[in-house]
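Report on one structure; see the data block that follows.
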Ligand SMILES: [Cu+2]
């Protein structure tokens with residue numbers, strides 16, 4: 001079902017990525033009013049993760065906490081992004097957005113929509129669970 005979300009551009013980029021780096025785990029994520037699917041997203045610690053998030057209905061956003069829920073070390077990022085300032089993303093409808101990081105510290109990382117999208121916007125949330 002999710003494969004239907006990928007346009008032609010997405011397919012070519014997916015091919016390039018798998019040739020360049022076999023160790024990337026690609027996870028397709030769908031966003032729509034007012035949920036992300038799947039959620040929670042379970043990954044293993046130390047694996048490079050590439051989320052490919054596609055909005056199905058309108059512009060949404062993706063903003064993830066860099067430290068796990070309940071952590072008192074707010075300055076110690078448990079998610080290491082491939083480029084700077086990558087914790088905020090705008091998700092245009094139908095256009096896959098790539099979010100790439102290495103999960104360094106086990107725990108539950110909450111994310112939410114950061115682009116006001118309607119009455120249920122405040123409840124549009126999800127979680128990434130990094131397992132040890
Ligand atoms: Cu939204």
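Mind pulling up the Rg/Rh value for region 27-132? Radius of gyration and Kirkwood radius, both on Cα.
Computed over Cα atoms, the ratio is 0.95.
Length gain on complete extension for the stretch residue 47 to residue 71, per 0.36 nm per residue less the alpha carbon to alpha carbon distance?
Details: separation 24, 0.36 × 24 = 8.64 nm, distance 2.08 nm.
Going from the current span to full extension adds 6.6 nm.
How far, in nm, would the chain grow between residue 119 and residue 58 when pulled straight, counting 0.36 nm per residue and subtracting the alpha carbon separation? The partial results should precede the final answer.
Values: separation 61, 0.36 × 61 = 21.96 nm, distance 1.34 nm.
That works out to 20.6 nm of additional length.
FYI, it's all coordinate maths here, none of it is from the lab. Just so we're clear, the structure is a prediction, and the values are computed from it rather than from any experiment.
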